[in-house]
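Read through the structure below, which is laid out as structure tokens, and then see the notes.
What follows draws every value from the coordinates through simple rules; no lab data is involved. Because the structure is a prediction, the values reported are computed rather than measured. Here the Cβ is made from the backbone with ideal geometry for all residues, glycine too, and neighbour counts use every protein chain on show.
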Amino acid sequence: MSITFYYAPMSTASITEAVLAELGTPCERVKLDISAKDTRKPDFLKINPNGRVPAIVHEGTPIWESSAITMYLGEIFGVDAKLYPEPGPKRGEAMKWITWSNVTLAEAGGRLAASLPTGSEGAVQSDSLDWVPPEQHSAIAVEKAKADLAVCLKILDGGLEGKSFLLGDYSLADTHLQGFVSWIRTMGVDLTPFPNVMEWLKRCSERPALAKLMAG
Ligand SMILES: N[C@@H](CCC(=O)N[C@@H](CS)C(=O)NCC(=O)O)C(=O)O
């Protein structure tokens with residue numbers, strides 16, 4: 001049942017780190033330095049040919065893409081732990097939010113991160129695969145990304161209406177999404193127009209596993 005977890009600090013791998021922490025799943029951790037281009041070295045490219053973290057290797061099989069990793073770990077370890085639904089409509093809901101966060105929310109977030117001045121909070125690291133030279137940054141791109149994020153946050157706010165967590169009870173869908181929304185907040189996106197999101201984020205931060213991670 002061995003799991004190896006490939007990660008870099010302050011990256012999308014923080015989401016997988018939170019999922020593993022919630023599940024309490026033991027793993028061997030391998031830290032990569034994006035600025036040293038560890039993610040593009042041949043040994044790691046054999047695990048993830050995209051040259052990106054997170055990646056896990058479970059029983060010899062590499063799995064990459066944070067959404068796939070969350071759903072996979074949920075399926076294998078989360079059902080008994082009551083952190084991931086059994087197959088059925090609730091599982092479908094979990095998959096819907098997890099996939100949406102990577103495909104729609106993180107796409108707009110990624111555009112904002114790539115348009116912010118290098119070195120500012122949440123911005124893509126220089127020399128990373130997603131880095132955009134400053135001369136290609138534009139105020140219009142920033143505004144468009146922020147407008148798209150506001151649309152996403154309104155959808156999330158609606159999804160949380162009348163609920164403590166996305167599926168009612170806390171699940172790995174919350175663990176996964178709170179990582180992306182926290183990152184978006186660090187980029188200066190105002191969450192105050194989305195009270196359900198703000199209250200949900202606070203509830204998530206009170207989860208013992210997540211509070212411990214945030215405390216470092
Ligand atoms: N869609 C991927 C995105 C992963 C990703 O972009 N990771 C970045 C860090 S946030 C990375 O590893 N970059 C390596 C590089 O730029 O060399 C996922 O969700 O796993």
Honestly region 144-216 on the Cα gyration tensor test (a ≥ b ≥ c root eigenvalues; a/c under 1.5 rounded, otherwise a/b vs b/c for prolate or oblate) is just oblate
In region 90-154, GluC sites (Glu not before Pro) in a DSSP loop with at most 15 other beta-carbon atoms within 10 Å:
E121
With r defined as the distance between the Cβ atoms of A21 and R203 and R0 fixed at 22 Å, what FRET efficiency is calculated, to the nearest 0.05?
0.85
Quick one: compute a quarter of the convex hull surface over the Cα atoms of the chain and quote it in nm².
11.8
Per the rule of 0.36 nm per residue minus the C-alpha distance, extending T99 to A81 adds in nm 4.3 nm
Could you work out the local net charge near T4, counting Lys and Arg as +1, Asp and Glu as -1, over the other residues with Cβ closer than 11 Å to its Cβ?
-1
Could you bin all the Cα-Cα distances of region 89-207 into 10 Å bins starting at 0 and give me the percent of pairs in each, rounded to whole numbers?
14, 45, 29, 12, 1
Could you work out how far apart the two model spin labels at H137 and V151 are, taking each label as a point 7 Å from the Cα in the direction of the beta carbon, and quote it in nm?
2.5
So what is the calculated 222 nm ellipticity per residue for the chain, using -39500 (n - 2.57) for each DSSP H run with n of 4 or more, over all residues, to the nearest 500 deg cm²/dmol?
-14000 deg cm²/dmol
When Lys and Arg each count +1 and Asp and Glu each count -1, what net charge do the other residues less than 13 Å away from A211, Cβ to Cβ, add up to?
+2
